[in-house]
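Shown next, in structure tokens, is the structure this report addresses.
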């Protein structure tokens, strides 16, 4: 049981609902329907999953996907020990056994041959075959699979297969409206709401430039970073440059425009 | 005081006035020197124009630069008079005062005279090193343009501009004359490049990002030039075509040029966002300018609510008219409105005029609640005008000082005119569309490197691109068949080059799978008491080729020659080699583009596409290759830049530009062969900066002399041309292995 405990979320993670997403997710969980969360980076997808795991009282296992990840990184592999080889479950297998919510973050980063291992878990079968071990796991009744996926920066090579996409129900996320977003920044960091709304204004400037040299706008996460720096006594302009502008662009013209926006907004 | 002995009647007419002015601004010695100078010029016998110019311009010049300059000018004029260029004396003297005002230092003025002397020496025709009897083709024009040049350029800029004109038109006096009279496009382009300040063309992207990012406005820009309108000074405006703005802004103290552009754009954007147009006919002209001032300030207030940082820049740029600085007898209207506008923008204005203080208060009351509106501003504007109206407002002498607000547009979109749709409509559209123009795409302009002057000649080469006409594709198939043996050998090499998508990496501590052989060996070691090898896993790695290739063919006339020791022309051999290479690259699956070029002076460099990156190796491409023809010359730099332009936009890790040529760069309008070689070298270096690797395959046996100058070590010379079909694909594979 101890093993399950480490995946539980003890304290309520702060999440500001933007619409009906909490109700929808609960309904999906009720029938253990796999869920896909779509939306730009840093808009609160991961935070939402954490919040829902806490709300539902289920353990949460998160896997950050990357290009070098293979099927055995998800399912498990044989390791050597004193008596020969020993099977080590991967995160997906652990989740299926203990009945956790398994969250595959940025699934498009994983290669397509890796993603297919989740297929049998996502339809009526709810099983996970461990071919190397010769075992077939039936998923725990509480088990649910959630993936996140950022349609913004995918390229042609990195897209989900239709056969994968069509196993999921999907929820679209976006940056919150200006008022909600400044409320989020203010609550998360305890900064003055007026300053928070200025930060949001800068973020909107950058989001207007998306597709004109910027592939992504400034995310809510970066706003929180900037606010945190300011909370620690860093000058507003410096904090914004460090947390919001420098990370997202190397393009001198865009940097210049955003710097100017910061100066104009903070006066 | 000395007296001037001079017989010209016109001189007598002006002498009194000029002397009076000179006595006011010069010392006694200065006036003496002035009269002596005029006397000397009068005695030269070059007519009355030089004397008149000297009398009129010298006092002001001397008062600006110090009286020493009088002697220098007179000496210089004496020197000029001894050359065939004595006709230039009058223009030199006429421009003197205005140039002195721009330069503001005697030292710089000396340099200017030195520059004039040098220009004269290098443009006056010479016979056996001695001046001939003919005058310089362009000195007079230069001296006439000089005041305008110094108005816009620094000393250094003028020097560069002059040197460019002297050097590049030395063989063409008519063009040189055009250049120096500032009428040719080249001369304006060079002038533009030498200007100080922030050029619009350099910051266009920043400005459109600014509009889009901060104002969510997408508008096109129409730059206008301040350089060539001397009669009226254009102001920025916004109309259906877009935002019209100056092509250059100088830095001002505290505000750089870019911020001046942004101040202008912010103002125009604020109008676009908040101003509702209204009927102009109901208001008198005075009421209109007053309403405009209120409305300008209203939208600026709204903008500053969102972007408080704008206040700093706008306050810097807004003139601060001094209260009461407008003298009696002048129309105060502009002065008053500018003061009002300053007061509305800047709460710390300090004006005491009752009306201005009152209307500032009224304005701030209106703005305190919400956004107010254009109509409310119209009411304020009308009331302000009727309350402050003065008889003198209607006078013709309008006080302009400190009233021009340069970052504001002329508000033409704020007004609707009733008359506009009221009159009879005349169709003015042209009835027939001009034909013929669709055939040719407009040229792309490329700069060319001038190695002697060490700078780029801007927009020097016009490059026209087109699809190569197509011929019989079967010809290429026959060529490939002929080389079937070679193809077979190539195929073997290629199979080894072909990407193996997944490669096994063994001996990994962490990996996706257990490597059983190693694992068993480790266990054996372990059981036997030895240290086991922990690297028992294996991993897979993707191994793909990611390379884009552009092949650039030199199609100049020399390609038609039959190569020594061959029966075929170089063209036919190239055709074979290129076909084989294209086939091989297609088999490998790398994106490949093939283009050819030749040139007929800098005004016509033709770039012909044989194959695009996306096109497959099919009958169409083969047809174009079959029709390959040779002609004209080899202006390599522009072609390399153009091929590199497309290649650098390819999404690939490695980019390779292969240049196949049979001779050194040359063109009929270039005498010095070094120029084009250096230009090609710079083009290669430019591409290197963009991540494009350039490699040259030369068919010229004597290429060693220049090819390494251009391409460094990245070249191969193929002496035995018949072996090209064999060598070219192999070379490519060796390069990309």
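Please go through region A:53-99 and give me each residue that is surrounded by fewer than 18 Cβ atoms within 10 Å (Cβ to Cβ), within 30 Å of residue B:524 (Cβ to Cβ) and in contact (Cβ under 8 Å) with a residue 24 or more places away in the chain, ordered by number.
A:87
Would you mind stating whether residue A:49 is touching a residue at least 40 places away in the same chain (Cβ under 8 Å), in contact with a helix residue (DSSP H, G or I) (Cβ under 7 Å, 6 or more places away or on another chain) and surrounded by 18 or more Cβ atoms within 10 Å (Cβ to Cβ)?
no
Determine, yes or no, whether residue B:475 is at pLDDT below 80, surrounded by 12 or more Cβ atoms within 10 Å (Cβ to Cβ), part of a helix (DSSP H, G or I) and on the phi < 0 side of the Ramachandran plot.
Here the answer is no, as residue B:475 does not meet what is asked.
With the condition being within 14 Å of chain A (Cβ to nearest Cβ) and crowded, with 20+ Cβ neighbours inside 10 Å, I'd like the helices (runs of 4 or more DSSP H) fully within region B:259-366 carrying at least 2 qualifying residues.
Result: B:285-306, B:310-317.
Can you tell me which residue among A:262, A:254, A:234 is within 14 Å of another protein chain (Cβ to nearest Cβ) and either under 17 Å from residue A:195 (Cβ atoms) or surrounded by fewer than 16 Cβ atoms within 10 Å (Cβ to Cβ) (or both)?
After ruling out the rest, the residue left standing is A:262.
Scan (1) touching a residue at least 24 places away in the same chain (Cβ under 8 Å); (2) within 46 Å of the chain's Cα centre (by Cα) for the single condition residue B:370 breaks and write down its number.
It fails just one condition, (1).
Looking at (1) part of a helix (DSSP H, G or I); (2) out of contact with any helix residue (DSSP H, G or I) (no Cβ under 8 Å at 6 or more places or on another chain), which one does residue A:29 not meet, given that it meets all the others?
It is condition (2) that residue A:29 fails.
Quick one: would you say residue A:110 is crowded, with 17+ Cβ neighbours inside 10 Å, touching a helix residue (DSSP H, G or I) at 6+ places or on another chain (Cβ under 6 Å) and not assigned by TED's automatic domain parsing to the domain that holds residue A:215?
Spelling it out, it is not the case that residue A:110 is crowded, with 17+ Cβ neighbours inside 10 Å, touching a helix residue (DSSP H, G or I) at 6+ places or on another chain (Cβ under 6 Å) and not assigned by TED's automatic domain parsing to the domain that holds residue A:215.
If I ask for residues that are surrounded by fewer than 18 Cβ atoms within 10 Å (Cβ to Cβ) and either outside any loop (DSSP other than H, G, I, E, B) or without any contact (Cβ under 8 Å) to a residue 24 or more places away in the chain (or both), which ones from region B:715-725 would you list?
Once the filter is applied, which keeps residues that are surrounded by fewer than 18 Cβ atoms within 10 Å (Cβ to Cβ) and either outside any loop (DSSP other than H, G, I, E, B) or without any contact (Cβ under 8 Å) to a residue 24 or more places away in the chain (or both), region B:715-725 yields B:716, B:717, B:719, B:722, B:723.
Taking the stated definitions as given, is residue B:577 closer than 19 Å to residue B:695 by Cα and assigned by TED's automatic domain parsing to the domain that holds residue B:487?
So residue B:577 fits the description; yes.
In the set B:143, B:149, B:191, B:211, which member is surrounded by 19 or more Cβ atoms within 10 Å (Cβ to Cβ), outside any loop (DSSP other than H, G, I, E, B) and within 14 Å of chain A (Cβ to nearest Cβ)?
Checking each option against the conditions leaves just B:211.
Check region A:16-36 and report whether any residue there is within 22 Å of residue A:225 (Cα to Cα), surrounded by fewer than 20 Cβ atoms within 10 Å (Cβ to Cβ), touching a strand residue (DSSP E or B) at 6+ places or on another chain (Cβ under 8 Å) and assigned by TED's automatic domain parsing to the domain that holds residue A:97.
No, region A:16-36 contains no residue that is within 22 Å of residue A:225 (Cα to Cα), surrounded by fewer than 20 Cβ atoms within 10 Å (Cβ to Cβ), touching a strand residue (DSSP E or B) at 6+ places or on another chain (Cβ under 8 Å) and assigned by TED's automatic domain parsing to the domain that holds residue A:97.
Which one of the conditions (1) at pLDDT below 90; (2) under 16 Å from residue B:513 (Cβ atoms) does residue A:75 fail to meet, given that it meets all the rest?
(1)
Take the residues in region B:497-513 that are modelled with pLDDT under 75 and in contact with a helix residue (DSSP H, G or I) (Cβ under 9 Å, 6 or more places away or on another chain), then tell me which one is surrounded by the fewest Cβ atoms within 10 Å (Cβ to Cβ).
My answer is B:498.
Scan region B:520-563 for residues that are within 11 Å of another protein chain (Cβ to nearest Cβ) and buried (at least 20 other Cβ atoms within 10 Å of the Cβ) and report the count.
2
Answer yes or no: is there a residue in region B:434-443 that is at pLDDT 80 or above, more than 30 Å from residue B:318 (Cα to Cα) and either assigned to a helix (DSSP H, G or I) or not assigned by TED's automatic domain parsing to the domain that holds residue B:190 (or both).
yes
The values are calculated or read from the model by the stated rules, or taken from the named source; none is laboratory data. Because the structure is a prediction, the values reported are computed rather than measured. Because the Cβ atoms are built from the backbone with ideal geometry, glycine has one as well, and the counts that use them run over all protein chains shown.
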